[in-house]
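Each value in this text was obtained by applying a stated rule to the coordinates, not by laboratory testing. Just so you know, these numbers come straight off a predicted model, no measurement behind them. Here the Cβ is made from the backbone with ideal geometry for all residues, glycine too, and neighbour counts use every protein chain on show.
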Amino acid sequence: MIKVVDRLLLFVYSLAIGIASVFAIIMAAGGFDAGWLKDVVDDIVGENGAIQVTVIVAAILVLLFSLRFFILSFKRSGGHAPSINQRTEHGDIRISVDTVENLALKAASRTRGVKDLKARVRAADSGLQIMIRAFVDGDTPIPALSEEMQKTVSELVQETTGIPVAEVSVYIANVTQAPTTYKSRVE
């Protein structure tokens, strides 16, 4: 959400600076009448209160946007995908959450009767919490299918990553309809 707000602020800021730049170029090139410019400056300085308040508010907003972007320029880049960090005797190991999700999907897809799998992984103090969302064909009992999937996912992820798996939750979203097959008849 913050990134979307920052992008919107950057757009508005860029637009305001662009308009101010065009105005400054036209003004410096003599594109405005000197009398008109004097009237504008007089309005800003204090003859027209509404314009004065508008200019102050706009200037404060541009200043706040500038400060926001100044602070963001010193923040550490968030370009890395979320990862799970482990410390070993030889150094650090970082495994992306996407990698663990793909391992969980690979393990879950080994379970017969499941389709349209999705996985979500969270790292907790007790270990990984994995949530699998699946559609089932309806031919296999759901409790047995879910238990098999939980066991397979937990074992593969733990064996491959070396990170303990605290829990594997299975959410059966729906039952899929098997397409009707027609046997062709040859006469």
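What is the distance, in nm, between label points placed 7 Å from the Cα along the Cα-to-Cβ direction at Phe32 and at Leu8?
Going by the 7 Å Cα→Cβ label model, 3.0 nm.
With the chain treated as a Gaussian network of Cα nodes joined by springs under 10 Å, which of Val121, Val153, Val55 yields the largest mean-square fluctuation?
In this elastic network of the chain, the residue with the biggest mean-square fluctuation among Val121, Val153, Val55 is Val55.
Which of Gly35, Leu64, Leu128 sits closest to the plus end of the dipole of the chain, meaning its Cα is farthest towards the positive end, when Lys and Arg get +1 and Asp and Glu get -1 on the C-beta?
Result: Leu128.
Using alpha-carbon positions, what is the distance between the centroids of segment 104-183 and segment 3-66, in Å?
So the two Cα centres are separated by 57 Å.
What list of ³J(HN,Hα) values in whole Hz, one per residue of segment 133-138 in order, does the Karplus curve 6.51 cos²θ - 1.76 cosθ + 1.60 (θ = phi - 60°) give from phi, with Gly and Pro shown as x?
10, 8, 9, 10, 7, x
Among Ser146, Ser126, what is the fewest-to-most ranking by other Cβ atoms within 10 Å?
On the way: Ser146 21, Ser126 10.
Ordered by Cβ neighbours within 10 Å, fewest first: Ser126, Ser146.
Work out the FRET efficiency for Ser73 and Ser21 from their Cβ-Cβ distance, taking R0 = 25 Å, and round it to the nearest 0.05. Could the numbers behind the result be given before it?
Working: r = 20 Å, r/R0 = 0.82.
Efficiency for this residue pair is about 0.75.
Let me know the shape class of segment 54-156, please: from the alpha-carbon gyration tensor, a ≥ b ≥ c as square roots of the eigenvalues, rounded when a/c is under 1.5, otherwise prolate if a/b is greater than b/c, or oblate. Can you show the working numbers first?
Details: a/c = 4.63, a/b = 2.08, b/c = 2.23.
Since a/c reaches 1.5 but b/c is at least a/b, the shape of segment 54-156 is classed as oblate.
Rank-order 85-92, 157-164, 3-10 by packing density, defined as the average count of other C-beta atoms within 10 Å over each peptide's residues, highest first. Working shown, then result.
Values: 85-92: 8.0, 157-164: 15.4, 3-10: 11.1.
Descending packing order for the listed peptides: 157-164, 3-10, 85-92.
How large is the charge dipole for segment 2-74, taken about the Cα centre, if only the Cβ atoms of Lys, Arg (+1) and Asp, Glu (-1) carry charge, to the nearest 20 debye? Could you put the intermediate results ahead of the total?
On the way: 4 positive and 6 negative charges, 106 e Å.
That gives a dipole near 500 debye.
Which shape class applies to the chain: rounded if a/c is under 1.5, otherwise prolate when a/b exceeds b/c and oblate if not, where a ≥ b ≥ c are the square roots of the Cα gyration tensor eigenvalues? Don't jump to the answer; show the numbers that get you there.
Details: a/c = 4.26, a/b = 2.36, b/c = 1.80.
It is prolate, given that a/c is not under 1.5 and a/b is the larger ratio.
So how far apart, in nm, are the two label points at Leu61 and Gln129 if each is 7 Å from Cα heading toward Cβ?
With each label placed 7 Å out from Cα toward Cβ, I get 4.1 nm.
If a helix is a whole DSSP H run, which ones in the chain reach 18 Å or further along their own axis (Cα) and hold a mean Kyte-Doolittle hydropathy of at least 1.0? It would help to have the intermediate numbers written out before the result.
Numbers: long enough: 2-28 (38 Å, 2.00); 49-74 (38 Å, 2.30); 142-161 (28 Å, -0.30).
Flagged H segments are 2-28, 49-74.
Could you work out the equivalent-ellipsoid semi-axes for segment 13-74, taking the square root of 5 times each eigenvalue of the Cα gyration tensor, largest first, in whole Å?
Working: eigenvalues 135, 59, 9 Å².
Computed over segment 13-74, the values are 26, 17, 7 Å.
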